[in-house]
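The values are calculated or read from the model by the stated rules, or taken from the named source; none is laboratory data. What you see is a predicted model; the values in this text were computed from it and never measured. All Cβ positions, glycine included, derive from the backbone under ideal geometry; neighbour counts span all protein chains shown. The protein model used for the area step is the full one, side chains on, heavy atoms only, and it has no ligands, DNA or RNA in it. Shrake-Rupley method; radii C 1.70, N 1.55, O 1.52, S 1.80 Å.
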Amino acid sequence: MSQELAWINGTVTSVEEARVPFLDHGYLFGYGVYESMRTYGGRIFALQEHFDRLEKSLKALNLSIDMSRRDLERVLVDLVGQSDLKPETTLYLQITRGPAPRHQVSPETKPIVAIMTSCLHPVSKEAQRQGIQAISCPDERWQHPHIKSLNLLPNALARIEAEKAGAQEAILYNARSVTEGTMSNVFAVLDGVIVTPPADGRILEGVTRVKVMEAAAARGWDIVERYFSIEELRRAEEIFISSTGIAALGVAVLDGQDVGKGRTGPMSLQIGEWFLQEAMGE
């Protein structure tokens, strides 16, 4: 029977029954990292790339676990099979510092490895053609956005503002440039060229972002990594965003104003189609 499952340090339960200790430093301090993955045709997409980023985040927070990549892969694949979710599955992997007295950690403190499966319904063809609405918000997050940490309060607050405005995403910016969305990487078409902020430590280098760029490059399209301002973004001919859950998706409206013709632009649509072809064939 299909169901959403949780795996916590080796124990499998339903998501509703899953529990972690109150003194877990992930719960108390946001001390932990995570990865979101998904399946295409029942297969986990870009798993090794997600593991690469996970290991960088763990190292940055001085965390380590007694599981190899192969161990984690077996657990993830088994959990997808046990869940048997249709049409596709999202996998959320979280590693926290583990339970210990507040502000105290010893070598014996054992991290908590938790995995959750959930049903994923891909973005509809109509939404891909029409695009979504977005707003822009000042980027007031902490200074290590390249770490996929659990400290997502500013992202959550920006998403609330987007929902209030009837939008589906908030695109963040600072005095220097656009950075990223609350749950996505950002691309713009400026003077016919696709540009995206560089992965230089000021943004999270999304796995799907890299795959989108590879799909375009394989077909001879140039994508330039450079900073661009919120004013440039508002003048863009096209905007699209990328993430594990949504793949590549056009932005039709930004801050209440149409982007281009007010629907997913032709370059954005083509990029999205190419990416899905690559993902299903991987």
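Going by what's in this entry, would residue 213 be described as open to solvent by 20 Å² or more (accessible area, probe 1.4 Å), touching a residue at least 40 places away in the same chain (Cβ under 8 Å) and either under 20 Å from residue 46 (Cβ atoms) or hydrophobic (A, V, I, L, M, F, W, C) (or both)? Explain how you work it out, then say what you get.
Numbers: open to solvent by 20 Å² or more (accessible area, probe 1.4 Å): yes; touching a residue at least 40 places away in the same chain (Cβ under 8 Å): no; either under 20 Å from residue 46 (Cβ atoms) or hydrophobic (A, V, I, L, M, F, W, C) (or both): yes.
When the stated conditions are applied, residue 213 does not pass them.
If you scan segment 216-243, which residues turn out to be small (Gly, Ala, Ser), under 19 Å from residue 259 (Cα atoms) and surrounded by fewer than 17 Cβ atoms within 10 Å (Cβ to Cβ)?
Start the filter on segment 216-243 by keeping residues that are small (Gly, Ala, Ser), which leaves 216-218, 220, 229, 236, 242-243.
Imposing the further condition that a residue be under 19 Å from residue 259 (Cα atoms) reduces the set to 229, 236, 242.
Residue satisfying the conditions is 229 alone.
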Search result, residues across segment 184-223 that are of a type in the set (D, E, K, R) and closer than 16 Å to residue 147 by Cα: 200, 202, 205, 209
The lone exception for residue 200 - which of (1) touching a residue at least 12 places away in the same chain (Cβ under 8 Å); (2) part of a loop (DSSP other than H, G, I, E, B) it fails: (1)
In segment 122-155, the residues that are under 19 Å from residue 93 (Cβ atoms) and either open to solvent by 30 Å² or more (accessible area, probe 1.4 Å) or in a strand (DSSP E or B) (or both): 146, 149, 150, 151, 152
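This table checks each residue for (1) open to solvent by less than 60 Å² (accessible area, probe 1.4 Å); (2) modelled with pLDDT under 95; (3) more than 21 Å from residue 243 (Cβ to Cβ); (4) not charged (D, E, K, R).
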site: 10; (1), (2), (3), (4): yes, no, yes, yes
site: 17; (1), (2), (3), (4): no, no, yes, no
site: 27; (1), (2), (3), (4): no, yes, yes, yes
site: 48; (1), (2), (3), (4): no, no, no, yes
site: 56; (1), (2), (3), (4): no, no, no, no
site: 74; (1), (2), (3), (4): no, no, yes, no
site: 77; (1), (2), (3), (4): no, no, yes, yes
site: 81; (1), (2), (3), (4): yes, no, yes, yes
Residues satisfying the stated conditions in segment 156-208, i.e. charged (D, E, K, R), touching a strand residue (DSSP E or B) at 6+ places or on another chain (Cβ under 7 Å), under 23 Å from residue 50 (Cα atoms) and surrounded by fewer than 20 Cβ atoms within 10 Å (Cβ to Cβ): 202
Failed item, numbered, when residue 70 is tested on (1) touching a residue at least 24 places away in the same chain (Cβ under 8 Å); (2) open to solvent by 50 Å² or more (accessible area, probe 1.4 Å): (1)
Residues of segment 244-253 satisfying the condition of being touching a strand residue (DSSP E or B) at 6+ places or on another chain (Cβ under 8 Å), open to solvent by 20 Å² or more (accessible area, probe 1.4 Å) and aliphatic (A, V, I, L, M): 253
